[in-house]
Amino acid sequence: MSHSKQELLVRSLVRKITPYVPGEQPKIKDLVKLNTNENPYPPSPAVLEKVKAAVDGRFRLYPNPTAEPLRVKLAALHRCKPEQIIVGNGSDELLALAIRAFVDPTTGRDHTVQSWERRTTVQFFTPSYSLYPVLAGIHGSRPGGFPLEADFDFPGTKALKKSRGWDCHAALTFITTPNAPSGKGYTTNQLKEICLLMRGVVVLDEAYVDFSKQNAMSLALKCPNVLVARTFSKAYSLCFQRVGYMVGPEPLISALHKIRDSYNVNGLGQIAAEATLDDLGYYRNNFARIIKTRDSLSAELSKLGFQVTESQTNFLLVHPPGHTAEEWLGLLRAQKILVRWFSDPTISHYLRITIGNEEETEKLLRAVRLILGGKAPGG
């Protein structure tokens, strides 16, 4: 069978999808990895000990199917019921489940719905998490991107109501808060205004909220159509284990439980996340260190001629001087510093730089000064 005929075995919908592109994994020894927003500090010693102690005969058994012990601890943290929480294989799984639970595909639609187009729409601001349109495409729903303001702020609710490009009745709206890739933070009141405007489900994606001044958990606990998604990856140093969760109204959480995989979260991940919640002081100290380094790096880069977007995350979005952002990507790589560049025209003149530890930050600044001084390879 020829290659072209083999491709015809794949659904046409899948053939058309442009897949999500994760951050590059380093292949160079001693590379400073500042491209995927990982926490520069390891899990707490107590977490590592709990995980090591669990490497035993339990490996032959299935994990708790609903991550119930973890949900109980999360419920105590957020002052809600365990029934208002679902745990996933990273928050990405839960974003996909939300589309499957709340959005109709454009084919096989229910003609009894008065406006089926609204029931098939997955809406989000741009730029934001580039996985959203991919997940919408996989489901066969209609992705709808709406541009943020020039400073990455939300358009006013009056403007959204009047705009043809924004649908207040969209089946599902994703809002990344704080925003990625900009790092822009939003107030709870700003988010509340948009949530009250919407008639469909709103998911507030708070992957970076532990580095922010405010959070919107109260909206998930009060509003009938709002879910908050969080992860143990960015702030809690558990990227390797893939654990995320959503909080919100019981009917919406129940719908997500209906369609999740039977054992969707691995046992070691559950144990690591539970142990993390028992040692929050360790992590909150790390949040403070990262925020301090972020603010210091922002100030230093500004002195060196970079235009730095104010951030409430563990990364900075910067417009570099002297060379294009894509050129800076290569120049820094030559200095063994890996950062992130996006080809999306709306942000292609920026670099995104993860906040590393103090040593990594110093290496980055040394490399930047060398490049600006014309002493770096290719500089």
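A few remarks follow.
- Residues located in segment 229-264, provided they are farther than 15 Å from residue 102 by Cβ, aliphatic (A, V, I, L, M) and not in a loop (DSSP other than H, G, I, E, B): 247
Quick grid of which residues meet (1) modelled with pLDDT under 95; (2) among the charged types (D, E, K, R); (3) farther than 17 Å from residue 242 by Cα:
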{"site": "66", "(1), (2), (3)": "no, no, no"}
{"site": "97", "(1), (2), (3)": "no, no, no"}
{"site": "104", "(1), (2), (3)": "yes, yes, yes"}
{"site": "110", "(1), (2), (3)": "yes, yes, yes"}
{"site": "113", "(1), (2), (3)": "yes, no, yes"}
{"site": "118", "(1), (2), (3)": "yes, yes, yes"}
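Quick grid of which residues meet (1) more than 22 Å from the chain's Cα centre (by Cα); (2) surrounded by fewer than 23 Cβ atoms within 10 Å (Cβ to Cβ); (3) under 17 Å from residue 85 (Cβ atoms); (4) polar (S, T, N, Q):
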{"position": "236", "(1), (2), (3), (4)": "no, no, yes, no"}
{"position": "267", "(1), (2), (3), (4)": "yes, yes, no, no"}
{"position": "293", "(1), (2), (3), (4)": "no, yes, no, yes"}
{"position": "307", "(1), (2), (3), (4)": "yes, yes, no, yes"}
{"position": "311", "(1), (2), (3), (4)": "no, no, no, yes"}
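- Only one of 261, 279 that is loosely packed, with under 14 Cβ neighbours inside 10 Å, over 17 Å from residue 356 (Cβ atoms) and of a type in the set (Asp, Glu): 261
- Residue count for segment 145-194 under the criterion of being within 19 Å of the chain's Cα centre (by Cα) and hydrophobic (A, V, I, L, M, F, W, C): the result is 9.
- Within segment 20-40, considering residues that are in contact with a helix residue (DSSP H, G or I) (Cβ under 6 Å, 6 or more places away or on another chain) and part of a loop (DSSP other than H, G, I, E, B), the one surrounded by the most Cβ atoms within 10 Å (Cβ to Cβ): 38
- Checked against (1) in contact (Cβ under 8 Å) with a residue 40 or more places away in the chain; (2) assigned to a loop (DSSP other than H, G, I, E, B), residue 95 passes all but a single condition, namely (2).
- The number of residues in segment 1-19 that are assigned to a helix (DSSP H, G or I) and in contact with a Gly (Cβ under 7 Å, 6 or more places away or on another chain) comes to 1.
The values are calculated or read from the model by the stated rules, or taken from the named source; none is laboratory data. Here the structure is a predicted model, which is why all the values come from computation and not from measurement. Glycine gets a Cβ as well: all are built from the backbone with ideal geometry, and neighbour counts include every protein chain shown.
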